[in-house]
1. At Arg114 and Ile166, where each label point lies 7 Å from the Cα along Cα→Cβ, what is the point-to-point distance in nanometres?
2. First obtain the Kirkwood hydrodynamic radius of region 124-175 from its Cα pairs, then insert it into the Stokes-Einstein equation at 20 °C and 1.002 mPa s, and state the resulting D in µm² per second as a whole number.
3. Please list 3J(HN,Hα) in residue order for region 117-127, calculated via the Karplus relation 6.51 cos²θ - 1.76 cosθ + 1.60 where θ = phi - 60°; whole Hz, with x for glycine and proline.
4. Seen from all sides and averaged, what is the projected area of the convex hull of the Cα atoms in region 12-60, in nm²?
5. Please report the net charge: other residues with Cβ closer than 11 Å to the Cβ of Asn68, K and R +1, D and E -1.
6. Counting only residues 5 or more places away or on other chains, whose amide H sits under 5 Å from the amide H of Lys146 once H atoms are built in the peptide plane?
7. From the Cα trace of region 92-146, what convex hull volume per residue do you get, rounded to a whole Å³?
Amino acid sequence: MEAINEEAYFQYLLATYERLVYSIAFKAVGNQFDAEDLTQDTFLAAYKNLSTFDRTYEKAWICKIASNKCLDFLKSAKRRIQPTEEEVFLQLEDHGGTPEQQYLEQEAWERTLRLCRRLKEPYQTVAIRHFYEGQTVTEIAADSGKNYKTVQTQVYRAKGMLKKIIKEEQAGCRI
């Protein structure tokens, strides 16, 4: 007779507190499907421990089980957030923008290389490595075995030479 009593009491708990437990779970996890699963887990835990609790505190007991289930769910290592398709695309890096921007950037790199190749050695090599390949003075000095100050001076002079070539080109276009 006690088993029937517990079964009837469990049905009473389910009918009375199901919406409350669902709302606790929904507020905690923010989606309907997980909230439904947590509601079911809460009542399953309540059913398993029905004989061991004081029935005078049933609402607090059910709410405590629900909040613990929600906390466990949120902390769970098994829970992995699956990003939406839109979130995945927003996280992708932008590699150059529009085709027009990519073309202009490619054109600028090609022009930089052409200008650097117009210089005489040792400035040509240093200019290509620094302005086109993006190497630092320290990297160029280490790779070439040259003194840091020597490479620094060569980069500085190459920059001046490049500016002069660009000014000459611009002056030639104005005529």
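Computed from the coordinates by the stated procedures, all read-outs in this text should not be read as laboratory data. These numbers were taken from a predicted model, which means no experiment stands behind them. Here the Cβ positions follow ideal geometry from the backbone for every residue, glycine too, while neighbour counts run over all protein chains shown.
1. About 1.5 nm separates the two model spin labels.
2. Approximately 182 µm²/s, per Stokes-Einstein.
3. Per-residue couplings from phi come out as 5, 6, 7, 8, 5, x, 5, 4, 5, 5, 5 Hz.
4. 3.3 nm²
5. +1
6. none
7. 74 Å³
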